[in-house]
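Undergrad: Quick one: the structure is below, and I'll ask about it shortly.
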């Protein structure tokens with residue numbers, strides 16, 4: 001009985017100590033992460049939409065919406081992407097509404113947009 005409890009406690013501790021799984025694109029795929037924050041503390045903003053388009057132009061590859069953690073990820077091919085955010089009501093954007101990033105397999109560029117909100 002003691003050995004069973006000991007083994008179960010070791011397994012339980014190992015699961016607690018294991019790092020949480022992060023949302024990474026599947027091996028070989030490239031991704032672009034959009035991060036939206038406000039204030040000096042950089043609190044996340046949920047519900048911000050962003051269009052992800054190829055730098056060469058054309059139709060939007062995707063429109064993503066940030067989640068509760070203030071981020072959204074577009075998984076696509078390698079290349080140059082232009083990320084443009086829509087400013088949420090009651091906020092003003094610090095900087096350009098568009099950023100250009102280059103995605104390659106294994107490296108996820110982050111387009112961070114900072115807002116000032118009332």
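The values are calculated or read from the model by the stated rules, or taken from the named source; none is laboratory data. Quantities reported herein were computed from a predicted structural model and do not represent experimental measurements. Cβ sites come from the backbone with ideal geometry, for glycine too, and all protein chains shown count toward neighbours.
Undergrad: In the range 45-56, what residues are closer than 17 Å to residue 31 by Cβ and assigned to a loop (DSSP other than H, G, I, E, B)?
TA: Filtering the range 45-56 for residues closer than 17 Å to residue 31 by Cβ gives 50-55.
The one that is closer than 17 Å to residue 31 by Cβ and assigned to a loop (DSSP other than H, G, I, E, B): 55.
Residues checked against (1) at pLDDT below 95; (2) closer than 17 Å to residue 60 by Cβ:
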residue	(1), (2)
76	yes, yes
91	yes, no
94	yes, no
101	no, yes
104	yes, no
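Undergrad: Looking only at strands (runs of 3 or more DSSP E) that lie completely in the range 70-118, which have at least 3 residues being surrounded by 16 or more Cβ atoms within 10 Å (Cβ to Cβ)? Spell out how you get there, then give the answer.
TA: Numbers: elements: 71-76, 79-85, 91-94, 98-103, 110-117.
Strands (runs of 3 or more DSSP E) meeting the threshold: 71-76, 79-85, 98-103, 110-117.
Undergrad: Is at least one residue of the range 57-65 over 22 Å from residue 40 (Cβ atoms), within 17 Å of the chain's Cα centre (by Cα), in a loop (DSSP other than H, G, I, E, B) and without any contact (Cβ under 8 Å) to a residue 24 or more places away in the chain? Reasoning before the result, please.
TA: Let us first name the residues in the range 57-65 that are over 22 Å from residue 40 (Cβ atoms), namely 57-65.
Pick out the ones that are also within 17 Å of the chain's Cα centre (by Cα) and you get 61-65.
Restricting the remaining residues to those that are in a loop (DSSP other than H, G, I, E, B) gives 61.
With the extra rule that they be without any contact (Cβ under 8 Å) to a residue 24 or more places away in the chain, the set shrinks to 61.
Yes, the range 57-65 contains a residue that is over 22 Å from residue 40 (Cβ atoms), within 17 Å of the chain's Cα centre (by Cα), in a loop (DSSP other than H, G, I, E, B) and without any contact (Cβ under 8 Å) to a residue 24 or more places away in the chain.
Undergrad: Take residue 30 and tell me if it is free of Cβ contacts under 8 Å to residues at least 40 places away in the same chain and surrounded by 15 or more Cβ atoms within 10 Å (Cβ to Cβ).
TA: Details: free of Cβ contacts under 8 Å to residues at least 40 places away in the same chain: no; surrounded by 15 or more Cβ atoms within 10 Å (Cβ to Cβ): yes.
The answer is no for residue 30.
Undergrad: Tally the residues that are over 13 Å from residue 31 (Cα atoms) and touching a residue at least 24 places away in the same chain (Cβ under 8 Å), restricting the search to the range 80-116. Quick ask: steps written out before the conclusion?
TA: Step one: list which residues in the range 80-116 are over 13 Å from residue 31 (Cα atoms), which gives 84-100, 112-116.
Cutting the leftovers down to touching a residue at least 24 places away in the same chain (Cβ under 8 Å) gives us 84-88, 90-92, 100, 112-116.
Adding up the residues that qualify gives 14.
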